[in-house]
Every structure is written in C-alpha cells, then in structure tokens.
1. For residues that are at pLDDT 95 or above and surrounded by fewer than 19 Cβ atoms within 10 Å (Cβ to Cβ), scanning just segment 224-235, find the one that is farthest from Asp122 (Cα to Cα).
2. Considering each residue of segment 49-85, count those that are within 30 Å of Asn156 (Cβ to Cβ) and either at pLDDT 90 or above or among the β-branched types (Val, Ile, Thr) (or both), and give that number.
3. Test each condition in (1) in contact (Cβ under 8 Å) with a residue 12 or more places away in the chain; (2) over 20 Å from Tyr97 (Cβ atoms) for Ala230 and report the one that comes out false.
4. Filter segment 197-216 down to the residues that are exposed (fewer than 15 other Cβ atoms within 10 Å of the Cβ) and either under 17 Å from Leu109 (Cβ atoms) or not assigned by TED's automatic domain parsing to the domain that holds Lys162 (or both) and list them by number.
5. Could you look through segment 196-223, keep only residues that are in a loop (DSSP other than H, G, I, E, B) and under 22 Å from Val121 (Cβ atoms), and pick out the one that is modelled with the lowest pLDDT?
6. Look through Leu213, Leu219 and report the one residue that is free of Cβ contacts under 8 Å to residues at least 60 places away in the same chain and over 21 Å from Ser95 (Cβ atoms).
7. If a residue must be modelled with pLDDT under 90 and assigned to a loop (DSSP other than H, G, I, E, B), how many such residues does segment 18-48 contain?
Amino acid sequence: MSHSYIYGFHAISKMLQHSPASCVELLCTEAKNSRLRSLIGAARESRLPIRFESRESLTDLSGNAKHQGCVLRIDDSSPSALTLEQLLQQNHPRSLYLVLDGVQDPHNLGACLRTADATGVDAVIIPKDRAVGLTAAARKVAAGGAESVPLLEVTNIVRCLKDMKKAGVWIYGTSGEAMNAIYEYDYDSPVALVMGAEGDGLRRLTAQQCDHLIKLPMLGVVESLNVSVAAGVCLYEIIRSRMAQE
C-alpha cells in the first residue's frame, strides 16, 4: 500500500466526503477550534482512525506547509477509477474536458481543478511524465475540486487527443500566436480545451492535433496570463457561449 498526505480543512473534508475508502488516518493537533472539532467529528462518523500529534510533527509531514492543524494519510496505490476509453464512452453533446499539456506548478494544477469543478468540466487530463501530479499542495489549492473532478493521467497527450477526436470531441488549443480569438466559436459540441505549460505554452506536436487554435485578446502590456487564470477565462467563455444558445 502506497501512502501520501494531504492537509488543510477543506481538502480533508472533501476527501472524507467523496473518497472515504482512500482515507487511512487523520493526524491532528488537539481540537482548539470549532473547525477542527467538526473535522474530527466527521472522521469519527466515518470510523477513521485519529491520532493526535504535535504541530511540529504535522509540519514535517506536510513539508512545512500551512496544514491548519490537520493532516490526512491516504492510500494512493489504487489505480484511477476511470480510463480514457471509459471516459469517452460517456461522451455527450455538451461534454467538456480540460487538457493540461505539461503544467509544472502544483498551485496551477490545483487552481485548474477548482475552476474545472466550478464550470462542470467532465474530466481534467494530464500527462504522466514531465508534469506535476496530484500533490498535497495541489489538493489544498483545489479546495475540493481534486475529489469532485476526475483526473486522468495519460502516457501520451498526442495519442490521447487523437483518440478524443475519433470519439467526436473538438480540440481547441490556446496559443498567443493563434489567428482567432476564443469568442469566434460556438462550442456547441463535445469540447476539449488544451492549455500549455507555464512559459512554454503548447508543444508543437500537441498544437498540431488541435482542430482550432484560439487566443485571449491581450490589450495591455503583459504578453500572457497565468495558465490557471487563462483556463478559467476560457472555460467560462465556453459556458457563456453554450448558455447563449439555449
């Protein structure tokens, strides 16, 4: 059994709510506030073992992060419950996927998962290699999105996009060099929004698999937005466009 740790009230609460079978043990300081008492109560209701530790011990387990007095040990050895093939079998006319092509910062991944939950994204897809995985920091920033939105790790993003296209998904990649703005399409079909890595953007082979390359107008002096901010703007524009057609 492979174990890892997540921390923070919100991330742990959502993990207890959505994935109780993966929870192994709650480690926390003495309950000195209502939020921690409530979390301990939820753990007891789930019959989860609870162990009280010093704040220093929790700081070590969380990698010096702001753990808020609680750390959850989870079993992360089980494989993902959903494969790409299974995901595409559930495809529907308004399916929406977010593909992150090599995002490195766990805070960006977490922010993308949080926005994905807010915008009803069906799944977030990331590469297994050369990209950040679902770390404790990413889970905390996701504020529950990591537990509510399926996260698929694929071996090859290019092959993944090819399979998605065969399943009827239209691929929209974001690029500052695109000719057309995001507002020029209606997104009235299954859509995958592909975001590139921080700094480098979309890789060439990934961009070649996109049906359309789109951009956000940049009217000031900065050349680009943070990847998680850009993903949020793009996802909400897709939602706005679809709602306008109803």
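The values are calculated or read from the model by the stated rules, or taken from the named source; none is laboratory data. Fair warning: this is a prediction, and the values are worked out from it, not measured in the lab. Quick reminder, even Gly has a Cβ in these numbers, built from the backbone with ideal geometry, and neighbours come from all protein chains shown.
1. Filtering first and then ranking leaves Val229.
2. Kept after step one, since they are within 30 Å of Asn156 (Cβ to Cβ), are these residues of segment 49-85: 74-85.
Filter once more, so that each one left must be either at pLDDT 90 or above or among the β-branched types (Val, Ile, Thr) (or both): 74, 83-85.
Total satisfying the criteria: 4.
3. All conditions pass for Ala230, except number (2).
4. Gly199, Asp200
5. Residues of segment 196-223 that are in a loop (DSSP other than H, G, I, E, B), as a first pass: 198-200, 202-203, 209-211, 216-223.
Keeping just the survivors that are under 22 Å from Val121 (Cβ atoms) gives 198, 202-203, 209-211, 216.
Details: Glu198: 87, Leu202: 92, Arg203: 92, Gln209: 96, Cys210: 97, Asp211: 97, Leu216: 93.
The qualifying residue modelled with the lowest pLDDT is Glu198.
6. Details: Leu213 fails: over 21 Å from Ser95 (Cβ atoms).
Matching residue, one of Leu213, Leu219: Leu219.
7. 7
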